[in-house]
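**Student:** Structure in structure tokens, see below.
None of the figures in this text is laboratory data; all of them are computed from the coordinates on show. Remember, predicted model here, so these are calculated numbers, not experimental data. We place every Cβ from the backbone using ideal geometry, glycine too, and count neighbours over all the protein chains shown.
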Amino acid sequence: MQKKSVTTMEEILQPHSHSSKEVNLIVLGSPGVGKSAILVRYLTKRFIGDYHPLLETVSSHSTVVDDKTVLVHIRDTAWKAIDSQQRENHLSWADGIMIVYSIMDRESFESCKKLVDKVLQLCDEATPISVIGNKADMLHMRQVQFEEGLAFCRNRNLLFSEVSAGDSYDSVEKAVRTLIQEVRHCRKKKEKSKNSEGGLKLDIRQSLKNFTEKRLQIRHRTSTL
Ligand SMILES: Nc1nc2c(ncn2[C@@H]2O[C@H](COP(=O)(O)OP(=O)(O)OP(=O)(O)O)[C@@H](O)[C@H]2O)c(=O)[nH]1
Ligand SMILES: [Mg+2]
């Protein structure tokens, strides 16, 4: 059975326990790209159209990924309204990061690219990052090609997908599930690395790259949206 709840920012600003059954995700991106819509679609399977702007929340959602229950905490952010210290706190809280742009808004893609590079400087090297091109239902107004998003992510070994919060629960669920899988994968690798003799240094970004390649092959075969 799946449980859902929404809490305020104050309630979740406590240190993260990093229990293996919990995963903290943060959603970033320019205003209006559909961060809240993606979150609400994932949590409720619904698209309501209007979302409170600049509202910072953390929603918790119990789900099953690869036959294992996971409690996902997803933070919806007002990135521009918080200071640099809060940004760092948010990033260190997160086990996985979603950075969203809108495929019908080139400026949001340019901002997304800048944000990715900023986040890569600030966050732990092993934190998986997923770049998400939202509003994939608006094909007639597309300004950013799939291949552009893909090339950017390949270069940096990031996960990439296009979704439509407006039209498709499956696309959103798949993007979140893939990120959760990658968080777990990286945790296992970190554990192994800690336990291995001599502390073998792992190339987590390389493992992300392999994972992305595998997903993209699947995407090209099935053409999701
Ligand atoms: N067609 C279409 N519209 C979408 C989609 N996702 C969101 N929208 C619309 O885009 C607008 C902005 O969505 P929000 O979810 O509020 O965007 P946000 O990124 O949370 O914006 P801020 O909270 O202001 O930063 C709303 O009018 C949504 O209805 C989508 O997949 N397709
Ligand atoms: Mg919002």
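**Student:** Given R₀ = 22 Å, what would the calculated FRET efficiency be for LYS114 paired with LEU139, taking r from the Cβ atoms and rounding to 0.05?
**Tutor:** FRET efficiency, LYS114 to LEU139: 0.30.
**Student:** Considering only Cα-Cα distances, which of the following residue pairs are longer than 20 Å: LYS118/LYS192; LYS35/LYS114; LYS68/LYS135?
**Tutor:** LYS118/LYS192; LYS68/LYS135
**Student:** First select every other residue whose beta carbon is under 9 angstrom from the beta carbon of GLY166; then total the charges, Lys and Arg +1, Asp and Glu -1. Write out the running numbers ahead of the final one.
**Tutor:** Values: positive: ARG41, LYS135; negative: ASP137, ASP167.
Taking every other residue near GLY166 into account, the sum is 0.
**Student:** I would also like to ask the following. Excluding ASN134 itself, calculate the net charge of residues whose Cβ lies under 11 Å from the Cβ of ASN134, where each Lys or Arg counts +1 and each Asp or Glu counts -1. The partial results should precede the final answer.
**Tutor:** Values: positive: LYS35, ARG41, LYS135; negative: ASP105, ASP137, GLU162, ASP167.
Residues close to ASN134 contribute a combined charge of -1.
**Student:** Please list, ordered by chain and number, the residues whose modelled amide H lies under 5 Å from the amide H of GLU22; skip anything fewer than 5 residues away on the same chain.
**Tutor:** Answer set, sorted by chain and number: LEU71.
**Student:** If you take the square roots of the eigenvalues of the alpha-carbon gyration tensor of the stretch 41-83 and sort them as a ≥ b ≥ c, do you get rounded (a/c under 1.5), prolate (a/b over b/c) or oblate?
**Tutor:** Taking the square roots of the gyration eigenvalues as a ≥ b ≥ c, the stretch 41-83 is oblate.
**Student:** Something else: Could you give the length gained on full extension between VAL64 and ALA78, defined as 0.36 nm per residue of separation minus the Cα-Cα distance, in nm?
**Tutor:** Full extension of this stretch gives 2.2 nm more.
**Student:** Another question, if that's okay. LYS21: which aspartates and glutamates have alpha carbons under 19 Å from its alpha carbon, excluding same-chain residues fewer than 8 sequence positions away?
**Tutor:** List returned: ASP66, ASP67, ASP95, GLU173, GLU182, GLU191.
**Student:** Around LEU39, what is the net charge, scoring Lys/Arg as +1 and Asp/Glu as -1 over all other residues with Cβ under 10 Å from its Cβ?
**Tutor:** +2
**Student:** Sticking with this structure for a sec: Beta carbons within 10 angstrom, averaged per residue: use that to sort the peptides 71-84, 99-112, highest first.
**Tutor:** So the order, starting with the most tightly packed, is 99-112, 71-84.
**Student:** Per residue of the stretch 181-188, what does 6.51 cos²θ - 1.76 cosθ + 1.60 with θ = phi - 60° give for ³J(HN,Hα)? Whole Hz please, x for Gly and Pro, Karplus curve as stated.
**Tutor:** Result, rounded to whole Hz: 4, 5, 4, 4, 4, 5, 4, 4.
**Student:** Let me ask something else about it. Is the stretch 18-192 rounded, prolate or oblate when judged by the Cα gyration tensor, a ≥ b ≥ c being the square roots of its eigenvalues, rounded requiring a/c under 1.5 and prolate requiring a/b larger than b/c?
**Tutor:** Rounded.
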